[in-house]
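The values are calculated or read from the model by the stated rules, or taken from the named source; none is laboratory data. Being a predicted model, the structure only gives us computed values, none of them experimental. Virtual Cβ from ideal backbone geometry, glycine too; neighbours counted across all protein chains shown. Accessible surface is based on the protein model in full, side chains and every heavy atom, while ligands, DNA and RNA are left aside. Shrake-Rupley method; radii C 1.70, N 1.55, O 1.52, S 1.80 Å.
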Amino acid sequence: MIDNLSDFFTHGWMYTVLMCIYAATVLSVVAVILSENRNPVKSLAWVTILLLLPLVGLALYLFFGRSIKNTRMISRRNRRRLRRRERLCHSDPRKLGLSHASLSQINLARSLTGAQFYVGNSIETFVDGASKFDSFMADLRSARRSINMQYYIFEDDRLGSSVADILIAKAAEGVTVRVIYDHVGSFRVSNNFFRRLKAAGIATHPFFKVTFPQFGTRINWRNHRKICVIDGSIGYIGGMNVADRYVDGGRFPRWRDTHLRIEGPVVAALLYSFVVDWQFMGEGLIEDCVAEPAVLSQRPGAISGVGAQLLTSGPMSQWSNVAFAFHKAIAMAKRRVFIQTPYFLPTEGLLKALQTAALSHVDVRIMMPRRSDSAMLTRASASYVAECLRAGIKIYLYDAGMLHAKTIIIDDEMVSVGSTNFDFRSFEYNFEANIFLYSEEFAASQIEIFRNDIRDCTRVTPSQWRRRPLKFKVAESVVRLLSPIL
């Protein structure tokens, strides 16, 4: 009896204390969620799972629920210093005869991030990896001063090794080479691959390296940008990472993507974005200067005289920058909204904006892959199709392979290309970069590309969609519940 009482007071007391600590932790997390004043639906979802499944809820919140909004990536002093350097070549969009909608869009981006607008840019579009990387590697070989390269995925496969060999050769010639790769995006890549770059004198760093004990505080926030600036005068931005599948399709018959090669003053904005990310990793402020304005090369297929503005977004931003820009562009559309995206998981506001535009007789078309590189995201994307069809939105399923392009075309003047998928993760959790381009000629070229891609698509009809197997409908409904964290 005495032994039992002793065990009770010893172990029972410890158990009670642990349970009190556990309960206090759960209630503290609930209090933090409520104090953040987030979207009520999200807050309620987190509170519910924490109260019903505390252990699971705590783990999920640690990895996926925490917010880092309004955290500075760079000091105000350094930001002003960089912006002063960037403003040397910016332009006044009011002098270009742009539409009221375009001017309003430009003002929004400036208010969100201070993004400057530039005229006189030359833009070349690549819709396949072979042509993009042929051009990209040729430009790398021609570098004389600096290469600043940032990719979500930098594989150690055939293509990645070829790019690495060029970077190592340029570093040996005295060119300053810097590489940022996302640690999770490139998680499968051997450490020896990046050690080889470092041994060659290339400054190589993972973004938000996921290690213990920082695992839970970093795993959910990824740098999804694909930017490269060569000698301060040539820029690349778009949807392609450095990996063989972007050239040979991988397990798909074809990998359809969109990437841009840019010459002109807006390259300063690409370099600015890279410098901010570099400084955020604690690597100091880069003093590379953008090249002086020069005569642009007359490359076949390039379109000149394009106005451009770079908009970056991320979990540290005060606003959901790219989502805001997309929302405004869709809301102000008069004739067309053409969207290409590998994953279609819109926020409630963006879904309503698309439906409103379609119901207003704007030609709204959304193109996505029939089968993406993620079965779960394919099912989650499909869960939104019925709501789109009811509003008159035209849905096209790309049948020729993996559609990975991230392009939005608005009316006859504005195009957005970059790394941002039309989904929750890109809008809220990833560091993204999209370039907004203003030119009737460039918009016409992108409309032609979109219409050519339609030939490889099947348009979804309401009757066909209703007849799809029940197991698909159930899977879509279940997976949609996870949309905010996919």
Fill in: Answer from Ala405, Ala382, Ala375, Ala391 - the residue that is open to solvent by less than 20 Å² (accessible area, probe 1.4 Å), at pLDDT below 95 and either closer than 26 Å to Val474 by Cα or aliphatic (A, V, I, L, M) (or both)
Ala382
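Okay, residues lined up against (1) more than 18 Å from the chain's Cα centre (by Cα); (2) at pLDDT 90 or above; (3) on the phi < 0 side of the Ramachandran plot:
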position: Gly235; (1), (2), (3): no, yes, yes
position: Pro253; (1), (2), (3): yes, yes, yes
position: Glu287; (1), (2), (3): yes, no, yes
position: Glu292; (1), (2), (3): yes, no, yes
position: Val295; (1), (2), (3): yes, no, yes
position: Gly307; (1), (2), (3): yes, yes, yes
position: Leu310; (1), (2), (3): no, yes, yes
position: Ser313; (1), (2), (3): no, yes, yes
position: Ala325; (1), (2), (3): no, yes, yes
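Having 2 or more residues that are of a type in the set (Ser, Thr, Tyr) is the bar; report the strands (runs of 3 or more DSSP E) wholly within segment 358-428 that clear it.
Per the criteria, 394-398.
Restricting attention to segment 400-427, and to residues there that are of a type in the set (Asp, Glu) and out of contact with any Ser or Thr (no Cβ under 6 Å at 6 or more places or on another chain), which single residue is farthest from Phe117 (Cα to Cα)? Steps first, answer last, please.
Within segment 400-427, the first condition is being of a type in the set (Asp, Glu), and the residues that meet it are 411-413, 423.
Add one more test, that the residue is out of contact with any Ser or Thr (no Cβ under 6 Å at 6 or more places or on another chain), and what stays is 411-412, 423.
Values: Asp411: 20, Asp412: 19, Asp423: 26 Å.
My answer is Asp423.
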Practice prompt. Answer yes or no as to whether Tyr398 is of a type outside the set (Lys, Arg) and touching a strand residue (DSSP E or B) at 6+ places or on another chain (Cβ under 6 Å).
Written response: yes
Practice prompt. Please go through segment 235-281 and pick out each residue that is open to solvent by 10 Å² or more (accessible area, probe 1.4 Å), touching a helix residue (DSSP H, G or I) at 6+ places or on another chain (Cβ under 8 Å) and part of a strand (DSSP E or B).
Written response: Trp255, Arg261
Worksheet item: Assuming Ser122 fulfils every condition listed in (1) open to solvent by 40 Å² or more (accessible area, probe 1.4 Å); (2) of a type in the set (Ser, Thr, Tyr); (3) touching a strand residue (DSSP E or B) at 6+ places or on another chain (Cβ under 7 Å) apart from one, which condition is it?
Response: (1)
Practice prompt. Pull up segment 356-372, narrow it to residues that are touching a residue at least 40 places away in the same chain (Cβ under 8 Å) and touching a Leu at 6+ places or on another chain (Cβ under 7 Å), then point me to the one that is most open to solvent (accessible area, probe 1.4 Å).
Written response: Arg370
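Within segment 439-448, track down each residue that is hydrophobic (A, V, I, L, M, F, W, C) and open to solvent by 10 Å² or more (accessible area, probe 1.4 Å). If you could, list the steps in order and put the result at the bottom.
Here is the first cut: in segment 439-448, the residues hydrophobic (A, V, I, L, M, F, W, C) are 442-444, 447.
The answer is Ala444, Ile447.
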Fill in: Evaluation of Ser463 against (1) open to solvent by 40 Å² or more (accessible area, probe 1.4 Å); (2) more than 30 Å from Asn121 (Cβ to Cβ); (3) modelled with pLDDT of 95 or more; (4) of a type outside the set (Asp, Glu) (one fails), failing number
(3)
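Could you say which residue among Phe472, Phe436 is surrounded by fewer than 16 Cβ atoms within 10 Å (Cβ to Cβ), in contact (Cβ under 8 Å) with a residue 60 or more places away in the chain and farther than 15 Å from Tyr343 by Cβ? Spell out the reasoning first.
On the way: Phe436 fails: surrounded by fewer than 16 Cβ atoms within 10 Å (Cβ to Cβ).
Step by step, each of Phe472, Phe436 is checked, and only Phe472 is surrounded by fewer than 16 Cβ atoms within 10 Å (Cβ to Cβ), in contact (Cβ under 8 Å) with a residue 60 or more places away in the chain and farther than 15 Å from Tyr343 by Cβ.
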Worksheet item: So which residues in segment 134-167 are over 20 Å from the mean Cα position of the chain (by Cα) and hydrophobic (A, V, I, L, M, F, W, C), if there are any at all?
Response: Phe136, Met137, Ala138, Leu140, Ala143, Ile147, Leu159, Val163, Ala164, Ile166, Leu167
Worksheet item: Can we say Leu397 is farther than 21 Å from Cys457 by Cα and more than 18 Å from the chain's Cα centre (by Cα)?
Response: no
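Of all residues being part of a strand (DSSP E or B) and small (Gly, Ala, Ser) in segment 304-346, which is nearest to Arg371 (Cα to Cα)? Just the residue, please.
Kept after step one, since they are part of a strand (DSSP E or B), are these residues of segment 304-346: 304-313, 336-340, 344-345.
Now restrict to residues that are small (Gly, Ala, Ser): 304-305, 307-308, 313.
On the way: Ser304: 36, Gly305: 37, Gly307: 35, Ala308: 33, Ser313: 27 Å.
For segment 304-346, the residue satisfying everything is Ser313.
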